[in-house]
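**Student:** So that we are looking at the same thing, I have put the structure below in structure tokens.
The values are calculated or read from the model by the stated rules, or taken from the named source; none is laboratory data. Predicted model only: the values in this text are computed from it and were never measured. Don't worry about glycine lacking a Cβ; one is built from the backbone with ideal geometry, like all the others, and counts go over all protein chains shown.
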Amino acid sequence: MAAFQPSEHIRHILASLPTKPGCYLMKDERGQVIYVGKAKKLRNRVRSYFNSSAEAYPKTLRLREQVADIEVIVAETEVQALILEETLIKRHLPRYNIMLKDDKRYPYIRVRWQDPFPKIETTRRVEQDGSRYFGPYTAMWAVQNTLRTLRKAFPYLTCDRTITGQDERACLFYDIKLCNAPCIGAVGQDEYRAMIGELMDVLSGKSEKVMARLQAEMQQAAENLQFERAAAIRDQLKAIEYINQRHKVINPRMTDHDVIALARDRSDACVQILFIRNGKLVGSDARMLGGADGEPDAEILSQFLTQFYGDVAEVPHEIILPDEVEEARIIEQWLKDKRGGHKVTITVPKRGDKHNLIKMAEENAGEALRMIRAQWEADTHRHEQGLAELQEALKLPAPPNRIECYDISTTQGTAIVASRVMFVRGAPRKSEYRRFNIRSVTHSGSDDYQSMREALTRRFNRYQKALSDPSTVAPGQTDHDETWRLLPDLLMVDGGKGQLNVAVEVLKEFGLLERVPVVALAKQFEELYQPDNPTPIILPRRGQALYLVQRIRDEAHRFAITTHRQQRAKIGMASRLETIPGIGPKKRKALLKAFGNSIDAIKAASIEELTAVPGISEMLALSLKELL
């Protein structure tokens, strides 16, 4: 492969780059920003995209082929470059950057402590206004549930009255014991603020003193035969206990920490965050990332930190990561500035409680990724959107509701298997998955093109047979017949132009080229190739069409690998049988057929069961029992 040669314009830019810190914006031929990055030395970082070291990264190879112009912005410090990069990514949403798939702000509980009679509110913004903030919570419903429970124990104000203590009447909330009515002077300012102080203690996870006081008061009320007051205090205690139970105790010494872990599955990446406040796990959340395929874990984590904490309202004093990130010290300085000058530390624990928390977060990230993928599979709207985008990109006459995808799996030419997966209306239909054991390629060497030709030829032979002679299908096998009778709305082969040419030739042989649209998905760049179109189609990196295509490709690959492993296992089992004197291919096949392809079943069989197999004598059965 010839070395990549950038255009003369790009070479001129590379030769004149400054050695200062800053940001660079890579643009395509339309002037659209497709990537934003930052660098300690712009000259070294930008030029690295165009030298031999970039050959190991498929994403970089795709990127540099589309770069028509590069703009650089010099910054005074690396921290300023980081802040600028965050701003530019939000503004341009470049297709090749790692991006959070949503930009939600977490809800908080705000106590307006600066007011004489503080009120309790919900908010998604933390401001330096004298209020006390508690959170973050992962959903507003969780905040509302917490406040409903707290109000039973601490009946705080919710009205807009100016509190003077001179009002003639209290509102209805006073009657139902959800407000202690400072408006009519039922409690004074000091007593009301003391109550709100205890409420903040509970939200901070410091409820032990509050509960001890209430326990003592409840006991005293009961001894004084004030049973109604004792019952009211009991209800307060239950409310506080409920809040405490919602927060899992982690470690009393861990006061203000975020634990972050990463899970990846092929083209998907999911980051899990555990929020620990005052020794308790107060919440967690999972965030999906786009554009992460081909990127190392450390780069994904680094990009996540800058984007996530650029929007989050509260920065903890310690962030716990599973892996080192290259620019940890710069990110720490940036977060320190966001935290008002208070130190922020990024740590990567190797043992102890913090390491165990990383493991917990990793397990949660994996589970969250599985659930999010399952939700996508069940999301009809996204399926329809992906099919519509794919129809538009490929200029198909209708949405490709039936998509067949073929993949070849082999190891050094042995046990060659072709897999076919079927997606109907954007969702996998596993009942129509099929496999082809390739026979036309000898075991002396593999030929993926010939293997694909055989698989597609056999598939369309069955199509013709299903059309011409439906009577050959046994009763109850209608679904089996339909899977061959129905032509796909889109035929996809995993590979590049070579595999596409094979598919086109097979379709021509069967007179189907005008009826069955066909594309090839190139493994390296995830480009789609169509017949008679030398220019590959590049789907939008954050579109549903690309996600659908990736899922189909990954599923075909998974199914092919699974089938291939089964084939290799059978070959290994058969080889083991043939080491026994007197057992040749014919008797081996008979044994496997009689005992369900299970060598364990053959080992467990009695002499009588073995001799019931054609060709197996009593002497041979004894040898089998002894040698197996």
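**Student:** Just one of (1) in a helix (DSSP H, G or I); (2) closer than 25 Å to A212 by Cα; (3) of a type in the set (F, W, Y) trips up Y156, so point out which.
**Tutor:** Here Y156 meets the rest and fails (1).
**Student:** Does at least one position in segment 301-316 carry a residue that is aliphatic (A, V, I, L, M) and in contact with a Lys or Arg (Cβ under 7 Å, 6 or more places away or on another chain)?
**Tutor:** yes
**Student:** Also, quick follow-up: Here's a check for you: in segment 166-180, which residue that is under 20 Å from A231 (Cα atoms) and outside any loop (DSSP other than H, G, I, E, B) is nearest to the chain's Cα centre (by Cα)?
**Tutor:** Going through the qualifying residues, I end up with F173.
So that you can scan it fast, the table gives a plain yes or no per residue for (1) acidic (D, E); (2) at pLDDT 85 or above; (3) under 16 Å from I538 (Cα atoms):
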{"position": "C23", "(1), (2), (3)": "no, yes, no"}
{"position": "K40", "(1), (2), (3)": "no, yes, no"}
{"position": "Y49", "(1), (2), (3)": "no, yes, no"}
{"position": "S53", "(1), (2), (3)": "no, no, no"}
{"position": "Y57", "(1), (2), (3)": "no, no, no"}
{"position": "R62", "(1), (2), (3)": "no, no, yes"}
{"position": "T77", "(1), (2), (3)": "no, yes, no"}
{"position": "A81", "(1), (2), (3)": "no, yes, no"}
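**Student:** Can you pull out every residue in segment 326-354 that is surrounded by 14 or more Cβ atoms within 10 Å (Cβ to Cβ) and either outside the structural domain of G283 (by TED's automatic domain parsing) or without any contact (Cβ under 8 Å) to a residue 12 or more places away in the chain (or both)?
**Tutor:** Within segment 326-354, K336 is the sole residue that qualifies.
**Student:** Could you figure out which of (1) closer than 28 Å to G543 by Cβ; (2) surrounded by 16 or more Cβ atoms within 10 Å (Cβ to Cβ) isn't true of Y108?
**Tutor:** (1)
**Student:** What single numbered condition from (1) touching a residue at least 40 places away in the same chain (Cβ under 8 Å); (2) in a helix (DSSP H, G or I); (3) surrounded by fewer than 20 Cβ atoms within 10 Å (Cβ to Cβ) fails to hold for H381?
**Tutor:** Among (1) touching a residue at least 40 places away in the same chain (Cβ under 8 Å); (2) in a helix (DSSP H, G or I); (3) surrounded by fewer than 20 Cβ atoms within 10 Å (Cβ to Cβ), the lone unmet condition for H381 is (1).
**Student:** Sticking with this one: Is there a residue being surrounded by fewer than 16 Cβ atoms within 10 Å (Cβ to Cβ) and more than 23 Å from E314 (Cβ to Cβ) anywhere in segment 131-146?
**Tutor:** no
**Student:** Next question, about the same structure. Has segment 181-204 got any residue that is of a type in the set (G, A, S) and under 34 Å from the mean Cα position of the chain (by Cα)?
**Tutor:** The answer is yes; a qualifying residue exists.
**Student:** Further, regarding this structure: Residue under question is E191, and the condition is that it be surrounded by fewer than 16 Cβ atoms within 10 Å (Cβ to Cβ), of a type outside the set (V, I, T), in a helix (DSSP H, G or I) and not assigned by TED's automatic domain parsing to the domain that holds G279; does it hold?
**Tutor:** Here the answer is yes, as E191 does meet what is asked.
**Student:** Let me ask something additional. Please determine whether any residue of segment 377-398 is aliphatic (A, V, I, L, M) and over 30 Å from L490 (Cα atoms).
**Tutor:** For segment 377-398, residues aliphatic (A, V, I, L, M) and over 30 Å from L490 (Cα atoms): absent.
**Student:** How many residues are at pLDDT 90 or above and of a type outside the set (S, T, Y) if we restrict to segment 402-423?
**Tutor:** 8
**Student:** Which ranges mark the strands (runs of 3 or more DSSP E) fully within segment 455-531 that have 1 or more residues being surrounded by fewer than 16 Cβ atoms within 10 Å (Cβ to Cβ), in contact with a Phe, Trp or Tyr (Cβ under 9 Å, 6 or more places away or on another chain) and at pLDDT 90 or above?
**Tutor:** Fully inside segment 455-531 and qualifying: nothing.
**Student:** Taking into account only those residues within segment 1-45 that are more than 16 Å from L63 (Cα to Cα), assigned by TED's automatic domain parsing to the domain that holds E86 and part of a loop (DSSP other than H, G, I, E, B), which is farthest from the chain's Cα centre (by Cα)?
**Tutor:** Residue satisfying both the conditions and the ranking: S16.
**Student:** Same structure, new question: Which of the following residues is more than 18 Å from I120 (Cβ to Cβ), surrounded by 13 or more Cβ atoms within 10 Å (Cβ to Cβ), in contact with a helix residue (DSSP H, G or I) (Cβ under 9 Å, 6 or more places away or on another chain) and of a type in the set (S, T, N, Q): Q220, Q166, Q236?
**Tutor:** Only one candidate qualifies: Q220.
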